[in-house]
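*Asks:* Handing you a structure now.
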Amino acid sequence: MAQRPSEAAPLRAPLFCWTYSCLLCLLCWKPQECEGAAGHNQVNLLDSRTVMGDLGWIAYPKNGWEEISEVDENYTPIHTYQVCNVMEQNQNNWLQTNWISNEGARRIFIELKFTLRDCNSLPGGLGTCKETFNVYHFESNDEDGRNIRENQYIKIDTIAADESFTELDLGDRVMKLNTEVRDVGPLSKKGFYLAFQDVGACIALVSVRVYYKKCPSTFHNLAFFEDTITGADSSSLVEVQGTCVNNSIKDDTPKMYCSADGEWLVPIGKCMCKEGYEEQGNKCQVCQPGFFKASPYSLSCSKCPPYSYTYDKGSVFCHCMENYFRRDNDPPSMACTRPPSAPQNVISNINNTSVILDWSPPADGGGRKDVTYLVICKRCSVDLIQCEECGTGVRYIPQEAGLKNTTVMVVDLLAHTNYTFEIEAVNGVSELSSIPRQFVSVNVTTNQAAPSPITVVKKKMVTKNSISLTWQKPNRPNGIILEYEIKYFEKAQETSYTIIKSKETEITVDGLKPTTVYIFQIRARTAAGYGGYSRKFEFETSPVSLPASAQSQVPIIAVSVAVGMILLAVVSGLLLSGRRCGYSKAKQDPDEDKMHFHNGHIKLPGIRTYIDPHTYEDPSQAVHEFAKEIDASCITIERVIGAGEFGEVCSGRLKLPGKREFPVAIKTLKVGYTEKQRRDFLGEASIMGQFDHPNIIHLEGVVTKSKPVMIVTEYMENGSLDTFLKKNDGQFTVIQLVGMLRGIASGMRYLSDMGYVHRDLAARNILVNSNLVSKVSDFGLSRVLEDDPEAAYTTRGGKIPIRWTAPEAIAYRKFTSASDVWSYGIVMWEVMSYGERPYWEMTNQDVIKAVEEGYRLPTPMDCPAALYQLMLDCWQKDRNSRPKFEEIVSILDKMIRNPCSLKTLVNASTRVSNLLVEHNTGGFSVYQSVGEWLESLKMGRYTENFNESGYTSLDIVTKLTLEDLKRIGVGLAGHQKKIMNSIQELRVQFMNGMMSV
Ligand code: ACK
């Protein structure tokens, strides 16, 4: 080591002096206030300013570093080492610290605060004066390093001053304190020594602070990260996994990286408060009663959803209240729900052996959207007391259970059988509830259904003139087969065919040509009428030279031919005499009938027809033929519900022996009636008693043997349709309205098939039961409609409900099923407008005139276009162009099956409120040109004639006369008539200002 220079003494005083003076100034460096104190991410291993006693560092040689200890005003020691042997050569003064534990840190920082004298400011000795000193370290695991050799030290750096000072500075008392920081790493042992080597500078080492850096403990995303010592390198990152706080769980492992600077970087992953706890600050707090948290992923506790509760803290879900449920897959945040109430307003529409059921959704869906429907079919005894499940024979379209729509078609029912259908609404929690299921039921009686087609026909024997056939009964006879009809014709000669009948399932057809192919089709007949024909079966007769085996058949053929001819004669006789083929009255005698047809059709027996009670000489005979006599004691009258023409209408109950009591309507004949009144009164029962259809009011019987005379019918809870609709204005879905209309059309189809013309079809004469089934009623005998307040006397004397009646019936009393179709169109209009009065307050005379002139009722509000078109079709002037009830039923069925077809409403712009619209077969358009008008008459060929003659607009056309027409080239009388008629209509429209011409 270098020796202290001998001239040091004269320097000492001034040196000491500045040092001392400087130390006075350094008093401000109080550890707690001064810069350089440990930051939040620094951990001091040594701070010379905080050591209370002696530092105990070793300085050698003796005249080198010298410790000067002072105290500040707080008596805190200030340890300063100084050396200033600038005048002496070869200085090598060492100052060694105590052993410093690195406390696990692998990189440490050394902060030195010192002052250094500027060599230039020193008098003389410039040659030896230095302005730097060196810092070393030596690693060891313990304090055994007191005898470390100089060369064992590893140099950290040579430290130069940023700021050195001069005597002038001293004079100004301006201190130039330097701070230098060096870092060392990676360290591999438990501790180290530091050493400061002076080689001839004038230095005062004012403080030495040794520290390492850490990332201080912290919370992030509900994870706790401990204090972490930074890495060994200045660029290394230390990966640290966090620990989830109490009541939390990790989602992705929470991690952060501790940087060399002691900063937390790149947080990844997180913890979440577990179920029943929510995050508050860096903690997970328990959910309070009435609140729940079902998933760690939910952020906070939520209030219990409707119809649920919890009284506990930390709830994961809320319990459902009584009679409320939650399905397994219902989220806990969803309200508890319950099974739906029963469906409502079920309507049944029967079509032979199928029934379409239609209903409205339940009033209460139980709070769920997954409501579906289940249909249970039960076959019942006549009195509906005993019912059993229908079993597998019945088919449901689209299906029996899980129905999403409020309609189902049930097919393959037995004909003429009572059924009860129970419709239950089911939702996702129905199976969890022990509450008895709620359903709506409807009773229906299927109609007579025609038998299904025959599928198997076989040839038994063939000769040159005959073919013997045998066949199998239809799969679904739907009743007792009365006979089979065999239609045959020569192949490719279909228009000329022959029909034979047989009661057996075999027949020999004779009189055929040899070597000729014949086509056969067979169908069966029951009381319900004919079934469909089988497919076509082809068989060929033998050639003229007969095989021996066929010869034996000759006598049979001869007999058959003879029988056939006799039959032909009998049938022809029947047809000529005009005898009606009634179901119960007229019956063909022979077992086999044979009728020939050519390009035509003859109505064959099989359909029951209505018998006019007038044809009975004694009307009471008719009534007893068609109506059951009821003993008055079986009837309990409860209250008067209305007034009929012949007396009061009451509701009451009927209890027939051995049967269940049920509600009935009772029409009474007032006292003091005349014989004619009695006859007319009971006439209705004679008519009603002949009908058996679910859409025709059902007659229970009559009381004629005691007084008052009564007619007892089924009770219709909702009364007459017009009043019912007015009361429930706007309450039904279109499908429900169409369902009612379908029922009425079905009843009317039955009546027209029976040959009965109603003449007073109107909403007021339709009754509605609790299931919204509508039934045709009011079958007055005289049909002069005495009892209808709407009926008015026409010029011809008859009393007619003008607004409902077809023009030909008003004009010349041509009442037919086609005029009933007209009335049906008006009923459609009444239904779709919820009981609005047809033609409002127009007088009957104006109605007759307007209808005659071609105007028709406008579409009711919100009426589907398809329904209005059907109304217009019913109001065709030409009665043959109106649809038949059969067609109406099938059109309505299609609408019910395809409710989308009802979505298009009549365009608001074409809906003429409170005005009647002009009607033609193509709809109710307004003609834009003469050409368009002529096209609508199918007279488009004359467009040029009109234009060339100057008739270029419709207003000019209205002035055209017959002579003009002939002149412009319309020669044919039929065409002239058609055009002139239409011109007449145009004039009326024009005058009414309803056409834009
Ligand atoms: O509209 P409403 O209530 O239904 O008033 C009339 C009244 O009697 C006079 O005809 C009612 N009515 C007639 N027949 C029946 C029936 N079978 N069931 C229930 N009400 C009926 C009709």
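The values are calculated or read from the model by the stated rules, or taken from the named source; none is laboratory data. None of the values given here were measured: they were computed from a predicted structure. Cβ: placed from backbone, ideal geometry, glycine included. Neighbour counts: every protein chain shown. Surface accessibility is based on the protein's heavy atoms, side chains included, excluding ligands, DNA and RNA. Shrake-Rupley method; radii C 1.70, N 1.55, O 1.52, S 1.80 Å.
*Asks:* Might you check whether a residue that is open to solvent by less than 10 Å² (accessible area, probe 1.4 Å), touching a helix residue (DSSP H, G or I) at 6+ places or on another chain (Cβ under 6 Å), under 23 Å from Leu725 (Cβ atoms) and assigned to a loop (DSSP other than H, G, I, E, B) occurs anywhere in the stretch 808-825?
*Replies:* No, there is no match, as no residue in the stretch 808-825 is open to solvent by less than 10 Å² (accessible area, probe 1.4 Å), touching a helix residue (DSSP H, G or I) at 6+ places or on another chain (Cβ under 6 Å), under 23 Å from Leu725 (Cβ atoms) and assigned to a loop (DSSP other than H, G, I, E, B).
*Asks:* Follow-up. Condition (residue is among the charged types (D, E, K, R), surrounded by fewer than 17 Cβ atoms within 10 Å (Cβ to Cβ) and farther than 30 Å from Phe732 by Cα) applied to the stretch 318-326: is it met by at least one residue?
*Replies:* Residues of the stretch 318-326 among the charged types (D, E, K, R): 322, 326.
Next, only the ones that are surrounded by fewer than 17 Cβ atoms within 10 Å (Cβ to Cβ) stay: 322.
Subsequent filtering for residues that are farther than 30 Å from Phe732 by Cα retains 322.
Yes, the stretch 318-326 has at least one match.
*Asks:* For the stretch 656-676, name all the residues that are under 19 Å from Thr713 (Cβ atoms) and not charged (D, E, K, R).
*Replies:* Initially, the stretch 656-676 is screened for residues under 19 Å from Thr713 (Cβ atoms), giving 656, 659-670.
The answer is Leu656, Phe662, Pro663, Val664, Ala665, Ile666, Thr668, Leu669.
*Asks:* Specify the residue that is nearest to Cys84 (Cα to Cα); the eligible residues are those in the stretch 214-224 that are in a strand (DSSP E or B) and in contact with a strand residue (DSSP E or B) (Cβ under 6 Å, 6 or more places away or on another chain). Before you say what the answer is, go through the steps one by one.
*Replies:* Let us first name the residues in the stretch 214-224 that are in a strand (DSSP E or B), namely 214-215, 218-220, 223-224.
Cutting the leftovers down to in contact with a strand residue (DSSP E or B) (Cβ under 6 Å, 6 or more places away or on another chain) gives us 214-215, 218, 220, 223-224.
Numbers: Lys214: 37, Cys215: 41, Thr218: 48, His220: 53, Ala223: 55, Phe224: 52 Å.
If we take residues in the stretch 214-224 being in a strand (DSSP E or B) and in contact with a strand residue (DSSP E or B) (Cβ under 6 Å, 6 or more places away or on another chain), then Lys214 is nearest to Cys84 (Cα to Cα).
*Asks:* Continuing with the same structure: Across the stretch 427-448, what is the number of residues that are farther than 21 Å from Val773 by Cα and either open to solvent by less than 20 Å² (accessible area, probe 1.4 Å) or of a type in the set (Ser, Thr, Tyr) (or both)?
*Replies:* Here is the first cut: in the stretch 427-448, the residues farther than 21 Å from Val773 by Cα are 427-437.
After this cut, where a residue has to be either open to solvent by less than 20 Å² (accessible area, probe 1.4 Å) or of a type in the set (Ser, Thr, Tyr) (or both) as well, the list is 427-430, 433-434.
Residues in the stretch 427-448 being farther than 21 Å from Val773 by Cα and either open to solvent by less than 20 Å² (accessible area, probe 1.4 Å) or of a type in the set (Ser, Thr, Tyr) (or both): 6 in total.
*Asks:* Can you pull out every residue in the stretch 663-676 that is more than 12 Å from the ligand (Cβ to nearest atom) and surrounded by fewer than 17 Cβ atoms within 10 Å (Cβ to Cβ)? Working first, answer last.
*Replies:* Taking the stretch 663-676 as the starting set, the residues that turn out to be more than 12 Å from the ligand (Cβ to nearest atom) are 669-676.
Within the stretch 663-676, Lys670, Val671, Gly672, Thr674, Glu675, Lys676 meet the criteria.
*Asks:* Shifting gears a bit: How many residues are closer than 15 Å to Phe537 by Cα and in contact (Cβ under 8 Å) with a residue 24 or more places away in the chain if we restrict to the stretch 482-497? Before the answer, list the steps.
*Replies:* As a first pass, look at the stretch 482-497 and keep what is closer than 15 Å to Phe537 by Cα: 485-494, 497.
Still in the list and also in contact (Cβ under 8 Å) with a residue 24 or more places away in the chain: 485-491, 494, 497.
Residues that pass the stated criteria total 9.
*Asks:* Kindly check whether there is at least one residue in the stretch 618-634 that is of a type in the set (Asp, Glu), modelled with pLDDT of 85 or more and within 16 Å of the ligand (Cβ to nearest atom).
*Replies:* There is no residue in the stretch 618-634 that is of a type in the set (Asp, Glu), modelled with pLDDT of 85 or more and within 16 Å of the ligand (Cβ to nearest atom).
*Asks:* Spot the failing condition for Leu682; the list is (1) open to solvent by less than 20 Å² (accessible area, probe 1.4 Å); (2) more than 13 Å from the ligand (Cβ to nearest atom); (3) within 19 Å of Ile347 (Cα to Cα), and only one is missed.
*Replies:* Status for Leu682: all satisfied but (3).
*Asks:* I would also like to ask the following. Any residue that is surrounded by fewer than 17 Cβ atoms within 10 Å (Cβ to Cβ), within 16 Å of the ligand (Cβ to nearest atom) and part of a strand (DSSP E or B) - is there at least one of those in the stretch 652-660?
*Replies:* yes
*Asks:* With Glu645, Glu700 as the choices, which residue is closer than 15 Å to Lys628 by Cβ, in contact (Cβ under 8 Å) with a residue 40 or more places away in the chain and within 16 Å of the ligand (Cβ to nearest atom)? Talk me through it step by step, then tell me what you get.
*Replies:* Numbers: Glu645 fails: closer than 15 Å to Lys628 by Cβ.
None of the other options fit; the residue is Glu700.
*Asks:* Just name the residue that is nearest to Ser929 (Cα to Cα) out of those in the stretch 959-986 that are open to solvent by 20 Å² or more (accessible area, probe 1.4 Å) and not in a helix (DSSP H, G or I).
*Replies:* Looking at the filtered set, the residue picked out is Lys959.
*Asks:* Now for a separate question. Testing Thr463 on (1) touching a residue at least 24 places away in the same chain (Cβ under 8 Å); (2) open to solvent by 30 Å² or more (accessible area, probe 1.4 Å); (3) not aromatic (Phe, Trp, Tyr), one condition comes back false. Which one is that?
*Replies:* Condition (2) is where Thr463 drops out.
Residue by residue, here is whether (1) open to solvent by less than 40 Å² (accessible area, probe 1.4 Å); (2) under 21 Å from Gln472 (Cα atoms); (3) at pLDDT 80 or above holds:
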residue: Lys487; (1), (2), (3): yes, yes, yes
residue: Glu494; (1), (2), (3): no, no, no
residue: Thr515; (1), (2), (3): no, no, yes
residue: Gly529; (1), (2), (3): yes, yes, no
residue: Ser542; (1), (2), (3): yes, no, yes
residue: Ser549; (1), (2), (3): no, no, no
residue: Ile557; (1), (2), (3): yes, no, no
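*Asks:* Filter the stretch 673-697 down to residues that are in contact (Cβ under 8 Å) with a residue 40 or more places away in the chain, in a helix (DSSP H, G or I) and not hydrophobic (A, V, I, L, M, F, W, C), then give me how many there are.
*Replies:* 5
*Asks:* What's the total number of residues in the stretch 267-283 that are touching a residue at least 24 places away in the same chain (Cβ under 8 Å), in contact with a Lys or Arg (Cβ under 8 Å, 6 or more places away or on another chain), surrounded by fewer than 18 Cβ atoms within 10 Å (Cβ to Cβ) and assigned to a strand (DSSP E or B)?
*Replies:* 1
*Asks:* If I ask for residues that are surrounded by fewer than 23 Cβ atoms within 10 Å (Cβ to Cβ) and in a loop (DSSP other than H, G, I, E, B), which ones from the stretch 699-711 would you list?
*Replies:* If the condition is that a residue be surrounded by fewer than 23 Cβ atoms within 10 Å (Cβ to Cβ) and in a loop (DSSP other than H, G, I, E, B), then Thr704, Lys705, Ser706, Lys707, Pro708 are the ones that fit.
*Asks:* For the subset of the stretch 661-672 comprising residues that are part of a loop (DSSP other than H, G, I, E, B) and in contact with a Phe, Trp or Tyr (Cβ under 8 Å, 6 or more places away or on another chain), which member is nearest to Thr417 (Cα to Cα)?
*Replies:* Taking the stretch 661-672 as the starting set, the residues that turn out to be part of a loop (DSSP other than H, G, I, E, B) are 661, 669-672.
Applying the additional criterion that residues be in contact with a Phe, Trp or Tyr (Cβ under 8 Å, 6 or more places away or on another chain) yields 669-670.
Details: Leu669: 33, Lys670: 37 Å.
In this case the residue turns out to be Leu669.
*Asks:* Next up: Farther than 18 Å from Phe815 by Cβ, in contact with a Leu (Cβ under 9 Å, 6 or more places away or on another chain) and charged (D, E, K, R) - does that describe any residue in the stretch 868-875?
*Replies:* no
*Asks:* When the stretch 712-723 is examined, which residues are found to be open to solvent by less than 20 Å² (accessible area, probe 1.4 Å), under 14 Å from Ile766 (Cβ atoms) and more than 7 Å from the ligand (Cβ to nearest atom)?
*Replies:* Step one: list which residues in the stretch 712-723 are open to solvent by less than 20 Å² (accessible area, probe 1.4 Å), which gives 712-713, 716, 721.
From what is left, the residues that are under 14 Å from Ile766 (Cβ atoms) are 713, 716, 721.
Within the stretch 712-723, Leu721 is the sole residue that qualifies.
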